[in-house]
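No lab work stands behind these numbers, since they all come straight from the coordinates. Model, not experiment: these values are computed from the prediction. Please note: Cβ atoms are built from the backbone with ideal geometry, for glycine as well, and neighbour counts cover all protein chains shown.
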Amino acid sequence: MRYFVITGHKAATSGDFKLDDIAGGAGRLDILVRCVNSAFFLSHNLRKDVEAYLVCEGGNDAPKTVIFKGNELRYLNPDERSTSSLIRNALMKPITDAETKSSPGVYVSRMSFFDVLDKLSGRGDFVYLKEDGTDCREYGFPENPIFVLGDNSDLTEEEESALLSRNPGRISIGPLSLHADHCMIVVNNELDRREAEA
């Protein structure tokens, strides 16, 4: 399994934003939307062995985490508007359980970034995508990597400290800084290549 944890430091936690304004009115939710697409889409299929945790920390109803589970997903389309709609519908759902199902493969919870780290501990090994890390082409990926990355901002000191306490691997994607969603495509591709060679 591959896990991705993406922190949206200003991402909306209520569903009262307009789908035409996800970059502004929804607190750069557009970054998280693109991350969902990068995590799951193949040319004519979806990755079933991926889970994505979108930690939304903006607004008065924070935190909330929207979870996408590849082995259950339905109705996910490549356009950003429909992905935004799935996220908005999840954020509008009354949370009644630890994870409340919004649509097939999409869940919402009250988990914070720290709660997500706790939940995923033991499922695999954490991998911190950081510019000063080991080049991903020289890195020995764990069997069930849990990739952690920020949005257009780095993790806060408190978030980074919580992650570092779990002894993550630290990897760099290359010599230049890339957008979060592009980093996810690169690591997915790197893992695909290694699995194909195994």
Rounded to the nearest 5, the percent of antiparallel DSSP beta bridges in the chain equals 40
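Tell me, TYR139, TYR107, TYR75 in order of fewest to most beta-carbon neighbours within 10 Å? Please list the in-between numbers first.
Values: TYR139 17, TYR107 22, TYR75 13.
With the sparsest Cβ surroundings first, the list reads TYR75, TYR139, TYR107.
As a footprinting exposure proxy, order CYS136, CYS35, CYS183 by other Cβ within 10 Å, with the fewest listed first. Write out the running numbers ahead of the final one.
On the way: CYS136 20, CYS35 26, CYS183 23.
Sorted ascending by nearby Cβ count, the order is CYS136, CYS183, CYS35.
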A student asked for the Cα radius of gyration and Dmax of segment 1-75 in angstrom ought to give 12.7, 39
Rounded to whole angstroms and listed largest first, the alpha-carbon spread of segment 2-197 along its three principal axes comes to 44, 40, 31
Taking every alpha carbon pair in segment 11-52 and sorting the distances into 5 angstrom bins from 0 up to the bin holding the longest one, the percent per bin comes out as 6, 22, 24, 16, 14, 15, 3
Given backbone amide H placed at 1.01 Å from N, residues whose amide H is under 5 Å from that of VAL5, ignoring those fewer than 5 places away on the same chain, are TYR53, PHE147, VAL148, LEU149
